[in-house]
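Input: a single structure, listed below in structure tokens.
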């Protein structure tokens, strides 16, 4: 159906058309062209890392990061159950085993104490997911990774622009990944990025994303690789988006303030920014009292012309991972009680009031 207020729509009010037309005018539309390196260089500067390599989407960025670190059959990778499925499925695709951990009630992020409990001799890496834009507890997670000499991958797909103690997410991991899908804070339509401060890992990731093409011999491939390259057109859009990144993030935080004010007297709890972090608020997310309330409220808002999304269902409860029964109570609570409300940067205060009035009407009926 067509919604009066959609869950998300991209903001394309910068140089997107100008840069894309440059690609068309010069015929550089595939995986070569000046916008790819420009986007990579400007992105690495924005995050504060040494190296960035653009890829075709956020999921392949995760897969490429895992393969670059040599993760495969026999290895275990610790990952929060409360996350988007790509964080988990990419681990399985390598042949490694995802080991699920619970989340924290206040931040909704991975619980470092549960990470420590789940480490085994087979643990090769921790995948840290900055869910919905709120950073994880990076001091403790970094300490654990160093203590056990295991890799850290940061999944920053939803957290572009977020910071932990003044440092951008993506600066902590051995390899970190971003997504630029159409509903992300900055978008390329489809696209992703891997960033790192390790030149060896950067070279290896770049090599693998380019079909394993040898550096000094044309059409000679010295390893099995992938075609995970970004197109010049996507990079052109990404560069234009990056030019307005701070403006977009500022607008998103303004939207949060409007929501908080409009919903303050209603029986909902929002995903609040905790101390020592800057929350980029990819989505404005709320919790309600029961799963039935969540579903009924979403149905009611749909009739009102307001699109919503449920929070992610915990991966450990899904058919392909549920054979080994386990209870992760916080992940399950967040997955069954949460709603994402419309959160795009151009959302107006008047539209947020319409949403709040509809939610109020639901609870009064």
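The values are calculated or read from the model by the stated rules, or taken from the named source; none is laboratory data. These numbers were taken from a predicted model, which means no experiment stands behind them. Note that each Cβ is placed from the backbone with ideal geometry, even for glycine, and that neighbours are counted across all protein chains shown.
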Requested in this report: Can you confirm whether region 260-267 contains a residue that is without any contact (Cβ under 8 Å) to a residue 60 or more places away in the chain, closer than 30 Å to residue 353 by Cβ and part of a helix (DSSP H, G or I)?
Outcome: yes
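Is it the case that residue 278 is closer than 19 Å to residue 258 by Cα, in contact (Cβ under 8 Å) with a residue 40 or more places away in the chain and buried (at least 19 other Cβ atoms within 10 Å of the Cβ)?
Values: closer than 19 Å to residue 258 by Cα: yes; in contact (Cβ under 8 Å) with a residue 40 or more places away in the chain: yes; buried (at least 19 other Cβ atoms within 10 Å of the Cβ): yes.
Yes.
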Report summary line: For residue 347, the lone unmet condition from (1) within 15 Å of residue 109 (Cα to Cα); (2) in a loop (DSSP other than H, G, I, E, B) is (1)
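Return the only residue of 76, 50 being within 28 Å of residue 248 (Cα to Cα) and over 16 Å from the mean Cα position of the chain (by Cα).
Sole residue among the options that is within 28 Å of residue 248 (Cα to Cα) and over 16 Å from the mean Cα position of the chain (by Cα): 50.
Output yes when any residue across region 291-307 is within 26 Å of residue 112 (Cβ to Cβ) and outside the structural domain of residue 83 (by TED's automatic domain parsing), and no when none is. Walk me through how you get there before you give the answer.
The initial filter retains those residues of region 291-307 that are within 26 Å of residue 112 (Cβ to Cβ), namely none.
No, every residue in region 291-307 fails to be within 26 Å of residue 112 (Cβ to Cβ) and outside the structural domain of residue 83 (by TED's automatic domain parsing).
Just a yes or no: is a residue in region 175-193 outside the structural domain of residue 249 (by TED's automatic domain parsing) and over 17 Å from residue 57 (Cα atoms)?
Start the filter on region 175-193 by keeping residues that are outside the structural domain of residue 249 (by TED's automatic domain parsing), which leaves 175-193.
Filter again for over 17 Å from residue 57 (Cα atoms), leaving none.
Checked against the condition, which is being outside the structural domain of residue 249 (by TED's automatic domain parsing) and over 17 Å from residue 57 (Cα atoms), region 175-193 yields no hits at all.
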Query raised in the report: Taking region 296-329 as the search range and keeping residues that are under 20 Å from the mean Cα position of the chain (by Cα) and buried (at least 19 other Cβ atoms within 10 Å of the Cβ), which one is farthest from residue 185 (Cα to Cα)?
Result: 316
Query raised in the report: In region 281-295, which residue that is outside any loop (DSSP other than H, G, I, E, B) and over 24 Å from the mean Cα position of the chain (by Cα) is surrounded by the fewest Cβ atoms within 10 Å (Cβ to Cβ)?
Result: 292
